[in-house]
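Below: the structure, in structure tokens.
The values are calculated or read from the model by the stated rules, or taken from the named source; none is laboratory data. Just so we're clear, the structure is a prediction, and the values are computed from it rather than from any experiment. Methodologically, a virtual Cβ is constructed for each residue, glycine included, from the backbone with ideal geometry; neighbour enumeration extends over all protein chains shown. To get the accessible areas, we keep the full protein, side chains included, count just its heavy atoms, and leave off ligands, DNA and RNA. Shrake-Rupley method; radii C 1.70, N 1.55, O 1.52, S 1.80 Å.
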Amino acid sequence: MESLVSSGIINSYFKKLNDSLSADAAVVGGGPSGLLAAAVIAEKGYSVNLYERNLAPGGGMWGGAMMFNKILIEENAASIAEESGMILTPGEKGNFVVDSVQGTAALINRACCSGVRVFNCIAVDDLTFDNNEEVNGVVINWSPVLRQKMMVDPLMTMAEAVLDATGHPAEIAARLACKNGVELSTATGGVAGERSLNVVLGERNTVEFTGEVYPGLFVSGMSACAVGGGYRMGPIFGGMLLSGSKVADLIIERIERKQL
Ligand code: 48H
């Protein structure tokens, strides 16, 4: 029995890993925007790998605000939240309140049930390039290996589209720009940097700056805000869902173009 337990896990994990070596989309970061984008792309029948550095996906949504575990969702994102299985309670001025633990669990569940291959405890450390012209994959390693700075080489998995959904640090877009000296399609040609807090502008900026910043590399959520130079917005999450939904459509368009 003991060896059956081990072989059950090893065989199914390695099958998942092997199947993931070439995917339609690779999502870096399992916060709300990455989880939603991954789910929507997978629901259209495309293969999606999602890499999350931490043990649990969910990013900054679990903790609500200052660990008061409630978040706000605006009216214009309520239908996405509901479709994702979140329980919405009417709040003030058309906004809704969601229990952050229930809301985060619902998004993770939607992604898993739609067939997204979720790899937790794995971080994306770099990107792969096709002739320095487009991003076409990710370089991955175990998070503990990277945290311990162990000298262990990574593995690579290929994808038609890569999404930087790494939140405030916009790690992947920043790495692409700084390691390769390439220009991103932003006002500054690089990662412009996040601005201070303004709820209305921050929510608007998040969606506005969501998109393809280099051929094959897309940004969503706080990463889009940081790359485009947008405001932060505090514990309100409608913009993250709208951004995830927008970037999913853009990535699907790219996948369909590449597959013609
Ligand atoms: C693998 C990685 C890597 C890597 C990071 O920050 P997130 O929750 O992302 P978003 O943008 O979907 O949501 C932002 C929201 O949570 C938030 O912070 C808000 C609304 N802030 C407003 C404010 O004013 O502060 O999640 C990003 C995820 C995390 O789980 C990271 O662990 C993960 O990405 N991650 N995973 N490889 N290189 N870098």
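Its Cα centre serving as origin, the chain has a Cβ charge dipole (Lys and Arg +1, Asp and Glu -1) of approximately 460 debye.
Summary of packing: across the peptides 100-107, 182-189, 80-87, the per-residue average of other C-beta atoms within 10 Å ranks them, highest first, as 100-107, 80-87, 182-189. Ranking Ala56, Ser84, Gly103 by how far each Cα lies toward the positive end of the dipole of the chain (charges on Cβ) leaves Ala56 at the top. Put simply, the C-alpha atoms of the chain give a gyration tensor, and the ellipsoid matching it has half-axes of 27, 23, 17 Å, longest first.
Beta-bridge orientation, segment 98-249: approximately 75 percent antiparallel, per DSSP, counting only bridges with both partners inside. Comparing Val40, Gly202, Ile71 along the charge dipole axis of the chain, the residue lying farthest to the positive side is Ile71, per the Cβ-charge model. For the Cα trace of segment 144-260, dividing Rg by the Kirkwood Rh returns an Rg/Rh value of 1.01. Helical content of the chain, expressed as a calculated mean residue ellipticity at 222 nm, amounts to -12500 deg cm²/dmol (DSSP H runs of 4 or more residues, -39,500 (n - 2.57) each, divided by residue number, nearest 500). Charge tally for Trp142 (other residues, Cβ to Cβ under 11 Å; Lys, Arg +1; Asp, Glu -1): +1.
A simple packing score, the average count of other Cβ atoms within 10 Å per residue, orders the peptides 244-257, 211-224 as 211-224, 244-257, with the highest score first.
If I compute solvent accessible area with a 1.4 Å probe over the protein chains, what percent of it on segment 108-260 is carbon and sulfur? C and S fraction of accessible area: 52 percent. Size descriptors for segment 44-162, from the alpha-carbon set: Rg then Dmax equal 17.7, 53 Å.
The average projected area of segment 42-112, computed from the convex hull of its Cα atoms over all directions, is 5.5 nm². Evaluated at q = 0.15, 0.26 Å⁻¹, the base-10 log of the normalised Debye intensity for segment 180-247, with identical point scatterers placed on the Cα atoms, takes the values -0.40, -1.06. Summing Cβ point charges (Lys, Arg +1; Asp, Glu -1) relative to the Cα centre of segment 161-260 gives a dipole of roughly 100 debye.
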